[in-house]
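Reviewing the structure listed below.
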Amino acid sequence: MKPIRQSIEFDKKFLDKDALKVVNTIHKAGFEVYLVGGCVRDLLLGLEPKDFDIATNAKPEQVHKLFKRSRLIGRRFRLVHVMFSARKFIEVATFRSGQVQTAKSGVIVRDNCYGNLEDDVVRRDFNINALYYDIHKHEVIDYVGGLKDLEAREIHIIGEAKLRFSEDPVRMIRAVRFGEKLGAELSDEVKNCILDQASLLSNISPARLYEECIKLFHNEYGFEVYEQLEKYGLLKHLFKQTHKNDFIKKALLNTATRIKQNKPVTPVFLFAVFLWQAQNERFVMIKKKQRSFYLAMTQASEEVIINQIKQVSLPKWLTARIKDIWIMQSKLEKMHPKKVDDLLQNPRFRMAYDFLLLRSQSINPELKDVAKFWTKAQQ
């Protein structure tokens with residue numbers, strides 16, 4: 001393959017200083033090194049990248065030795081995280097070859113055979129994500145037509161879609177997310193293969209899908225992503241207990257607005273919304289046999305969450321907060337004058353109130369007066 005090399009000098013304010021430090025350190029040690037993937041794609045589109053990934057011919061152990069504050073991670077893919085703070089790291093990957101170890105289902109379980117730049121290109125998922133940037137030559141390197149696809153706003157997979165999705169079914173939900181993020185059209189091959197192979201998503205570990213779900217919905221286009229996941233039959237393999245209603249739409253649009261306004265968002269809220277209907281239905285069934293409201297509520301919450309974590313793993317801190325939001329709904333609905341101050345002091349009050357407010361604006365219009373009461377109580 002002969003690559004296209006396009007000279008371009010990106011605006012320095014969009015280039016992460018820490019990522020440049022990592023690239024320069026690896027380059028000075030005599031290795032080949034590039035910015036790669038989503039950051040190059042976003043820079044070309046004039047967007048500010050959220051993450052900067054780096055690809056190099058240096059082995060993970062060699063990269064690890066170059067940085068005091070770094071750690072080796074991963075079994076499926078061996079990577080290096082160069083740490084800059086408790087929450088910030090730059091990910092460095094070694095060029096991978098096409099040799100992979102797969103399970104019977106076709107899913108890749110090991111991919112630690114190293115290769116050169118050309119090998120690494122064909123191991124990536126979509127043309128638009130297989131662009132490399134040489135910061136020293138100010139050049140974008142394109143082996144697969146990623147530049148052309150970006151210009152046309154199209155998403156094509158590298159290689160044969162059926163095989164690539166069976167190797168890693170997460171690529172299907174990534175295709176949907178990129179389509180909405182970039183306003184791009186999925187190729188017919190990608191569309192048809194997702195419709196045929198959506199069930200393969202069930203082969204992915206619930207722990208891996210937690211992070212992927214946050215990427216799907218914590219953005220400015222979460223509701224559009226939700227609709228596409230439903231359209232392609234992918235949603236039921238992430239949230240089988242969730243069915244679209246106005247509450248979910250309202251919550252996803254509200255999340256998008258908060259992100260646009262640089263306000264904080266939390267996965268607790270969205271997971272609580274996605275599972276609320278299932279929790280209610282389970283509660284009604286249990287309440288027929290269990291007199292105690294609190295015990296019925298607790299049992300319903302537990303059962304719904306246990307069913308969910310079989311598909312998408314949720315950390316314990318997150319499930320505890322979801323339960324708090326749910327249990328507080330009945331307390332807020334009662335508007336008990338003696339309990340107003342206590343509830344206002346509760347650390348979960350704000351989330352529970354927002355939850356109630358969105359319910360009153362969607363599936364529970366009868367709660368509008370209750371929502372007004374709590375709005376006034378905070379003033």
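The values are calculated or read from the model by the stated rules, or taken from the named source; none is laboratory data. Nothing here was measured: the structure is a model prediction, and the numbers come from that model. Reconstructed Cβ throughout: ideal geometry from the backbone, glycine too, with neighbour counts over all protein chains shown.
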Considering only the stretch 202-217, state which residues are in a loop (DSSP other than H, G, I, E, B) and touching a Ser or Thr at 6+ places or on another chain (Cβ under 8 Å).
-> SER205
Restricting to the stretch 310-358, what's the tally of residues that are touching a His at 6+ places or on another chain (Cβ under 9 Å) and among the basic types (Lys, Arg)?
-> 0
What's the number of the condition LEU367 fails, among (1) closer than 26 Å to LEU209 by Cβ; (2) part of a helix (DSSP H, G or I); (3) not β-branched (Val, Ile, Thr)?
-> (1)
Considering each of ARG96, ARG87, ARG69, ARG78 in turn, give the residue that is of a type in the set (Lys, Arg) and touching an Asp or Glu at 6+ places or on another chain (Cβ under 8 Å).
-> ARG96
Write out, first by first residue and then by second, each pair whose Cβ atoms fall under 9 Å of each other, whose residues are 6+ apart or on separate chains, and whose first residue, in the stretch 1-24, is without any contact (Cβ under 8 Å) to a residue 12 or more places away in the chain while the second is surrounded by fewer than 16 Cβ atoms within 10 Å (Cβ to Cβ) and part of a strand (DSSP E or B).
-> none
GLN361: polar (S, T, N, Q) and surrounded by 13 or more Cβ atoms within 10 Å (Cβ to Cβ), yes or no?
-> yes
Could you say whether any residue in the stretch 336-343 is in the same structural domain as ARG282 (by TED's automatic domain parsing), part of a helix (DSSP H, G or I) and either among the hydroxyl-bearing types (Ser, Thr, Tyr) or crowded, with 17+ Cβ neighbours inside 10 Å (or both)?
-> yes
Is it the case that some residue within the stretch 244-251 is surrounded by fewer than 20 Cβ atoms within 10 Å (Cβ to Cβ) and of a type in the set (Gly, Ala, Ser)?
-> no
Of the conditions (1) in the same structural domain as ASP42 (by TED's automatic domain parsing); (2) crowded, with 21+ Cβ neighbours inside 10 Å, GLU154 clears all except one; give me its number.
-> (2)
Unique residue being charged (D, E, K, R), closer than 20 Å to PRO267 by Cβ and part of a helix (DSSP H, G or I) when the list is LYS323, LYS376, LYS372 | LYS323
If you check every pair at least six apart or on different chains, which have Cβ atoms under 9 Å apart with a residue in the stretch 359-378 that is within 12 Å of LEU332 (Cα to Cα) and among the acidic types (Asp, Glu) first and a residue that is surrounded by 14 or more Cβ atoms within 10 Å (Cβ to Cβ) and modelled with pLDDT of 95 or more second?
-> ASP369/SER360
